[in-house]
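Novice: My questions all concern the structure below.
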Amino acid sequence: MIIHEIKLKTATFKYIESELYSYKDTLKEINRLRDEIINRPSQDDNSGGGKSNIPGSPTEEIATELLTHRTLQNLVKITDAISDTYKIVSDEHRSIIDLKYFKQPSLYWDDVAYQLSMHRNTVFKYRREFIILVANKLGLR
């Protein structure tokens, strides 16, 4: 598969780029949601009744909630796609992603190219390749 020939919708490209900018915040949100679920007091849905015949434990309830919480699962899917892609790309791709999205998001692309001693077009090519790979991992087009 040749990455440069794949076309992404502009909205998809912008969406993935926004997820890159907020990657660290998304990781914090994942941890917050997990902590909230794990530390939530268990609820007795059988108030006033006898002992339930349905086996259940707080651990099972927590595990089920962690696996079925839609927002949490969506955030994990996004961050996993980014981190998995990050692991497989070249050092040049990673240096661009690190600098622009994780360390200094306010930098202009020309400044990114200058700091990494790359041509501006090369920076844009690696950025586009990375975003396409993330989109493919998420099943987006």
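The values are calculated or read from the model by the stated rules, or taken from the named source; none is laboratory data. All of these numbers come straight from a predicted model, not from anything done at the bench. Glycine also receives a Cβ, built like all others from the backbone with ideal geometry; neighbour counts cover every protein chain displayed.
Novice: Among the residues of region 25-56, count how many are in a loop (DSSP other than H, G, I, E, B) and either at pLDDT 80 or above or of a type in the set (A, V, I, L, M) (or both). Can you show your working first?
Specialist: Looking only at region 25-56, we keep the residues that are in a loop (DSSP other than H, G, I, E, B), and these are 39-56.
Now drop any that are not either at pLDDT 80 or above or of a type in the set (A, V, I, L, M) (or both), which leaves 39-40, 54.
Adding up the residues that qualify gives 3.
Novice: Oh, and also: Tell me which residues, restricted to region 96-115, are farther than 22 Å from residue 15 by Cβ and surrounded by 17 or more Cβ atoms within 10 Å (Cβ to Cβ).
Specialist: Going residue by residue through region 96-115, those that are farther than 22 Å from residue 15 by Cβ are 110-111, 113-115.
Result: 113, single match.
Novice: Having 1 or more residues that are among the aromatic types (Phe, Trp, Tyr) and more than 14 Å from the chain's Cα centre (by Cα) is the bar; report the helices (runs of 4 or more DSSP H) wholly within region 86-141 that clear it.
Specialist: 109-115, 120-138
Novice: With the requirement that a residue be surrounded by fewer than 15 Cβ atoms within 10 Å (Cβ to Cβ), without any contact (Cβ under 8 Å) to a residue 40 or more places away in the chain and in contact with a helix residue (DSSP H, G or I) (Cβ under 8 Å, 6 or more places away or on another chain), what does region 69-79 give you?
Specialist: 71, 73
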